[in-house]
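Peer 1: Quick one: the structure is below, questions incoming.
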Amino acid sequence: MTDKRSVPVYLKLLESGFEKKRDVRLVIVGKKGAGKTSFIKRLFNDGKRDTGLTSFFKRKLGGHKVGVTSTNGIEVHAMKCKTKAVDCIWNKLEGNYEETELYTRLLKPFEQQLISEHKAIFEDSEEGPDHRAIKDITNAISCPEDTEAKIQLQEDTTSHEQQPNLSFDIACEDINAMVKSKVDLHGNEEYATLLVWDFAGDEEFYYTHQTFLSPDSIYLVVTKLDEADSKNAHEMFQLWMNSIHCYCRLEDQHNTRENNACEMHESKKEDLLDPPVVIIGSHKDKVRHSKGQKIEVKCKKRIESFVKDVSADTCRHIRSEYFVSNTKDDDNEFQKIKQDILNIARGMRSWNKDYPLKFIQLEKILQKKKMELPIPIMTFHELKKITIETPTAMNDEELILFLKFHHEIRALVYFGDLPDCIILDTQWLSNAFKCIITAEKFQLDVGRHRMKEKLQDLNFRGILHTEVVEYIFKDERNILSKHYKHKDDILNIMEKFDIIIPATRDSADDKPCYYVPCLVKTKPEYDIYEMFNVNIETCKKSTWLCFKFRFLPPHLINHLIASLSRKYKVAEVYAPGQEKSQIALFRGTVVFELQKKTKLRKLLLMTCPNIIQIQILEFKKEIKRGMYKYIAAFVTEEINKIIVTRFHMSNVNFEKKWECGVNKPESDRGLFDFSEEQITAYYCGKCKTTHNFTDEWSDLQNNALCITKEEMNFTKMGMIVLNILADVLYDLLKQYRTNLPPRSDCDITYLYSEHRKLNKNIPSYSSFRRGPWGGNWQDIKISDTATGDDIERIRLTRNELQHSRTFNLDDKRFNELCNIIDHLLQRFDQRIKPASLYTDKLNETLAKTCSDDEVISIENEI
């Protein structure tokens, strides 16, 4: 049993102590077939000892002769190495070292204190130390010299004796385990954790890879030296270099000056950018060179041919380049690379970073939870409760700091905008992704003939049918088969990460399916305007709103499609000679319905190199000034969320411009800047004529809209209906159903129909009403105050606004509706007891002044 006096000292140690954290995260990227996996195998097997990867590859190949197969998705290889400062040899620690290593990390900061007091506290004894040894350890750690400290220690001890708790018990267990473990505090070598990520080179995987990129990594970009003349190889090299540059934190750099040229060997240290890149030129043995010519000279010229197309800023990430043959070179070549990697790591901001000792306790618990949970996913609230089990609980700020730290090295995945989706096992997440997002060559053979057409829909049109989902989750050869009963939870995770998008169903009888934007390869069969019969007589086209990037990350457009799909339905189009419609989701082109019922207004989203562009197709109304400001604002906000909030790509930015709407933009030529100067007409170089300028995306150059009192009433009532009353129906439904879609996917029509199906809160019977549900305002008496009566009042209020043709609401009717709604919200405040009272939200809405944007937005939403 642990001496209780040890506990408060141990807790003090955790509160005050720090360790020096040294994590090296290697990310191997490059085009498929470049030799990435073979390179890793050579890098971690020096020919003198088996690092564990050889047996790993043998297991993958069923025990056959070791060879190399293409990587499917991402493979994560975690290994603990003991590195010597002098020779940089990577010595892999064998066996089950985790627990011993944990306590070494806890006590290492107090090494000198311990050694000075006791030279041989820790002994390899089956019986373990006696109580006196524990007291010695405690005294050695704390060394309370002054009386005041001793008094405080005694007070802490007494407190724990009087109020035993879970933290106290766990602290006792930790101390017992600590002194029984073989802790070695005498070694002088540096320890470094190596986490290696092998990214598949198939194009299908690029869009999921972005989840796992981070600024605190060393990137090894592998390219084949014998493909220096390949256009595709050059494009893939540029894509990876630009993608890495997106994660550059310019604010963390000591020098952000522009370079005029990319000179890898002559760049000054202060001009370098993180994250660092090491270029690996593979297949050196296949490079032809003339007799007497040095192979290194030929290889260097080939690497330079790849680099010359990369911007000067992006080249500032490059630290060095190596030319290797994975089959011919001896181990010395790879030892040079290993030494260089460690030298680079020592210069990064993440090396020797102070890491609170209290975090180690949470690491330990999460490792255990990761093994216990059916799927390694937790919410922030669950994680917060777990910290109670640690000897030193954390507040929210400390917990977020812990999550951010481990997210940066991708030990786990935590996005601030997805607090209910913390992934404890990154390899599991990658495996889950690749069960759906995978190259066709990796798809399982069984059932392919039976589902050939549906698999083609997935591989070319990005449509994931229910039957394919069922097959994936039931096939025993993939990771998801173990979690069939958690299928809905896993699909929900993929929705949150924008990998899949639930398709809108027109009726409950329609089979659910998903869209997978990153798998869409099909392009429109013919001109998109012709597909929707867009011409001068039938449709008015807005100008193009263009978001111009210096570099457009390849995954960004898919996240934007996901955001728009949550708000608007993807349009359907009938191809000539076909009875069945198809969704207007194509590679680089998507059409959304802005008016779901009438379909008279559509949003066309397209991409061209480094530009995202949108246009409105208006089939009825005249296009007016500021008419689409709300759409421009929404798309801008979503792009910023993806760049800043989700992926923290501080080096990615864009400019908003506009272009003539007659033709589709194909480049950044001919784009106009928004200006405060009044413009009524402009000359279009492409059309070679003058066009009127409406300024439908903004009204910077004009006065504000003149909003009438009736329009203001209608706008406020629209806000109340779309937000507060919809929230009421949703919160009420949550009391009976746990598997509801997100609130953003549920409008009043859906929520009302679900309440009718549920039939829990039936309206009061009236002599005028034909049945319990439905009817008009006259069917509800003032004295009818049942929950079902108030549900009907919500429906009738929504209908009254939706059927309005003028978007006006006079003062008399506005006040009548406000009075009705105020009373029903008071009743729902009592029934549901929401965290924020519905009546408070009503009063806030009634007190506000609506902006031009809000008037236009509510009109369109209603």
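Peer 1: Stokes-Einstein D for the stretch 524-692 at 4 °C, 1.567 mPa s, Kirkwood Rh over Cα pairs, in µm²/s?
Peer 2: So the translational diffusion coefficient is about 76 µm²/s.
Peer 1: Let me ask you something else. At a 10 angstrom cut-off on C-beta neighbours, averaged per residue, how do the peptides 513-520, 841-848 rank from highest to lowest?
Peer 2: Going from most to least packed, we get 513-520, 841-848.
Peer 1: Give, rounded to the nearest 20 debye, the magnitude of the charge dipole that the stretch 542-690 has about its Cα centre when Lys and Arg contribute +1 at Cβ and Asp and Glu contribute -1 at Cβ.
Peer 2: Once rounded to the nearest 20, the dipole reads 440 debye.
Peer 1: While we're looking at this one, here's another question. Which three lengths, in whole Å and largest first, does the stretch 630-678 cover when its Cα atoms are put on their principal axes?
Peer 2: 34, 25, 18
Peer 1: Let me ask another. Treating the Cα atoms of the stretch 709-861 as identical point scatterers in vacuum, please give the log10 of the normalised Debye intensity I(q)/I(0) at q = 0.10, 0.19, 0.21 Å⁻¹, two decimals.
Peer 2: One equal scatterer on each Cα of the stretch 709-861 leads to -0.34, -1.28, -1.51.
Peer 1: In addition: Pop out the carbon and sulfur fraction of the accessible area of the stretch 709-861 as a percent, whole number, probe 1.4 Å.
Peer 2: Carbon-and-sulfur percentage of accessible area, whole number: 47.
Peer 1: Accessible area per residue, 1.4 Å probe, Å², for the stretch 524-692: what's the number?
Peer 2: Accessible area per residue, the stretch 524-692: 48 Å².
Peer 1: When the Cα atoms of the stretch 562-637 are enclosed in a convex hull and the volume is divided per residue, what value in Å³ results?
Peer 2: 124
Peer 1: Applying a 10 Å radius around every beta-carbon, put 553-563, 615-625 in order of their mean neighbour count, most first.
Peer 2: Order by mean packing, descending: 553-563, 615-625.
Peer 1: Once you have the alpha carbon radius of gyration of the stretch 518-617, what is it after dividing by 2.2 N^0.38 Å, with N set to its residue count?
Peer 2: 1.07
Peer 1: With unit charges on the beta carbons (Lys and Arg positive, Asp and Glu negative) and the dipole taken about the Cα centre of the stretch 524-692, which residue among V570, V652, M531 sits farthest to the positive side?
Peer 2: It is V570, whose Cα lies furthest towards the positive end.
Peer 1: Keeping the other protein chains in place, figure out the carbon and sulfur percent of the accessible area of the stretch 549-644, with a 1.4 Å probe.
Peer 2: 52
The values are calculated or read from the model by the stated rules, or taken from the named source; none is laboratory data. These numbers come from a predicted model, not from an experiment. Virtual Cβ from ideal backbone geometry, glycine too; neighbours counted across all protein chains shown. To get the accessible areas, we keep the full protein, side chains included, count just its heavy atoms, and leave off ligands, DNA and RNA. Shrake-Rupley method; radii C 1.70, N 1.55, O 1.52, S 1.80 Å.
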